[in-house]
1. Once phi is turned into ³J(HN,Hα) by the Karplus curve 6.51 cos²θ - 1.76 cosθ + 1.60 with θ = phi - 60°, what whole-Hz value does each residue of segment 186-195 show in order, with x for glycine and proline?
2. For Leu100, what accessible area in Å² do you get when you roll a 1.4 Å probe over the heavy atoms of the protein chains, rounding to the nearest 10?
3. By average Cβ neighbour count within 10 Å, what is the ranking of 9-18, 38-47 from highest down?
4. Can you give the FRET efficiency for Phe155 and Val20, using 1/(1 + (r/R0)^6), R0 = 22 Å, r = Cβ-Cβ distance, to the nearest 0.05?
5. Report the calculated FRET efficiency for His27 and Ala138 (r = Cβ-Cβ distance, R0 = 41 Å), to the nearest 0.05.
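The values are calculated or read from the model by the stated rules, or taken from the named source; none is laboratory data. In this text, all values refer to a predicted model and were calculated from it rather than measured experimentally. All Cβ positions, glycine included, derive from the backbone under ideal geometry; neighbour counts span all protein chains shown. Side chains are part of the model used for accessible areas, which takes the heavy atoms of the whole protein and leaves out ligands, DNA and RNA. Shrake-Rupley method; radii C 1.70, N 1.55, O 1.52, S 1.80 Å.
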Amino acid sequence: MIVQGLIFYLFATVAVASAVMVIAARHPVHSVLFLILAFFNAGGLFVLMGAEFLAMILVVVYVGAVAVLFLFVVMMLDVDAVRLREGFLHYLPIGGMVGLVLFAELAVIVGGYFSGEAVTGVHGGAPAMPGPAVGAIANTEALGRVLYTDYVYLFQAAGLVLLVAMIGSIVLTLRQREGVKHQNVSRQVARQPEDVVEVVKVQTGSGV
């Protein structure tokens with residue numbers, strides 16, 4: 001138990017520190033790298049809780065796809081960090097208000113957890129949460145049953161929100177620049193040889 005507790009605090013400390021550096025780093029690429037580190041440590045916490053499937057999905061999907069894709073997008077768009085920090089003071093009151101609301105919600109959740117009645121007993125002042133019997137059902141099967149039975153509509157709604165966010169990001173990053181050639185498939189298909197090839201009859205010895 002002592003080793004497991006030390007590993008938990010190690011993963012938790014690094015995860016929290018990485019999350020802070022995601023928003024504190026000045027360069028966007030550094031923020032993405034700290035985000036990848038936070039994902040890895042969150043996956044380690046999932047493993048400690050016995051949720052190996054969630055840990056694998058977190059590492060494979062978020063680290064292997066989303067974070068790396070975001071890193072490439074940041075590098076390709078050549079984001080100007082100076083311009084990003086120009087409106088920091090302008091949005092600081094709104095950001096501070098949102099942060100206070102989130103902090104209040106977390107305080108309510110933590111306070112309710114420690115002050116609520118115990119479900120199956122009390123260990124160290126905190127209510128013991130019920131869990132499935134060991135070996136009764138696999139982790140992946142239990143997650144699938146919860147997602148696709150009790151929360152199927154919320155799961156589909158989350159998918160629609162992600163779809164809207166993806167379409168919005170595409171629209172925002174789509175730029176029309178002058179002097180950039182774009183592919184026109186119909187024009188390419190309709191092109192005739194005489195439109196692009198000119199046959200010149202050159203006399204012998206006269207050159208072109």
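1. 5, 5, 5, 5, 7, 5, 9, x, 5, 7
2. 120
3. Numbers: 9-18: 14.8, 38-47: 19.9.
Most protected by this proxy first, the peptides run 38-47, 9-18.
4. Values: r = 30 Å, r/R0 = 1.38.
Calculated value: 0.15.
5. Computed FRET efficiency for His27 and Ala138: 0.45.
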